[in-house]
1. With a 10 Å radius around each residue's Cβ, average the other Cβ atoms per peptide and rank 93-99, 9-15, 36-42, highest first.
2. Please state the charge dipole magnitude for the chain, taken about the Cα centre, from unit charges on C-beta atoms (+1 on K and R, -1 on D and E), reported in debye and rounded to the nearest 20.
3. At most 12 other Cβ atoms within 10 Å and a DSSP loop assignment: could you name the GluC sites (Glu not before Pro) in the range 1-103 that fit?
4. Pull up all non-local amide H partners of THR91: gap of 5 or more, or a different chain, and H-to-H distance under 5 Å with H placed in the peptide plane.
5. Comparing THR102, THR69, THR50, which has the greatest mean-square fluctuation in the GNM of the chain with Cα pairs linked when under 10 Å apart?
6. Which ³J(HN,Hα) values, rounded to whole Hz and listed in residue order, are derived for the range 112-123 from phi using the Karplus coefficients 6.51, -1.76 and 1.60 in 6.51 cos²θ - 1.76 cosθ + 1.60 with θ = phi - 60°, glycine and proline given as x?
7. With a/c under 1.5 counting as rounded, go ahead and sort the chain into rounded, prolate or oblate using the C-alpha gyration tensor (a ≥ b ≥ c being the square roots of the eigenvalues; past the cut-off, prolate if a/b is larger than b/c, else oblate).
8. Mind ranking 107-117, 78-88 by how tightly packed they are, going by the mean number of other C-beta atoms within 10 angstrom, highest first?
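Each value in this text was obtained by applying a stated rule to the coordinates, not by laboratory testing. All values reported here derive from a predicted model rather than from experimental measurement. Don't worry about glycine lacking a Cβ; one is built from the backbone with ideal geometry, like all the others, and counts go over all protein chains shown.
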Amino acid sequence: QVQLVESGGGLVQAGGSLRLSCAVGGRSFSSYASGWFRQAPGKEREFVATITMSSGWASYADSVKGRFTASRDNAKNMVYLQMNSLKPEDTAVYYCAGKVGTISRAYSDYEYWGQGTQVTVSS
């Protein structure tokens, strides 16, 4: 069983930066992918980024491309989301997710989820 624990959310002014961390516990799969999703009040959960743990290859939503960077540290079993140039519309609960196999942009493909961390960007 994989356990995911996010940290690093908080309140930041527009234009600022935050780094989210996700500790991946119990992973023993050689092929594993992590995803970042977010959900704002009254909105559906949306894809933000996904990254393969093996190669570190990542894919991003158009809304965050060039501002957010996903990375991983296999030795520490950690996944990160560096968020720069934050905008008020980035305000949401951010979730770390995991799945066996290749990356995916669909939240329904992910088997494991963290509890979420709140990110609030003030204007």
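1. On the way: 93-99: 22.7, 9-15: 13.6, 36-42: 16.6.
Packing order, densest peptide first, comes out as 93-99, 36-42, 9-15.
2. On the way: 12 positive and 9 negative charges, 36 e Å.
In total the dipole reaches around 180 debye.
3. Values: sites: GLU6, GLU44, GLU46, GLU89; in loops: GLU44.
Qualifying residues, ordered by number: GLU44.
4. Here VAL121 satisfy the definition.
5. THR102
6. Here the 3J(HN,Hα) series is 10, 9, x, 7, x, 9, 7, 10, 10, 10, 8, 8 Hz.
7. Numbers: a/c = 1.73, a/b = 1.66, b/c = 1.04.
Taking the square roots of the gyration eigenvalues as a ≥ b ≥ c, the chain is prolate.
8. Working: 107-117: 16.3, 78-88: 18.5.
Per-residue mean Cβ counts within 10 Å order the peptides as 78-88, 107-117.
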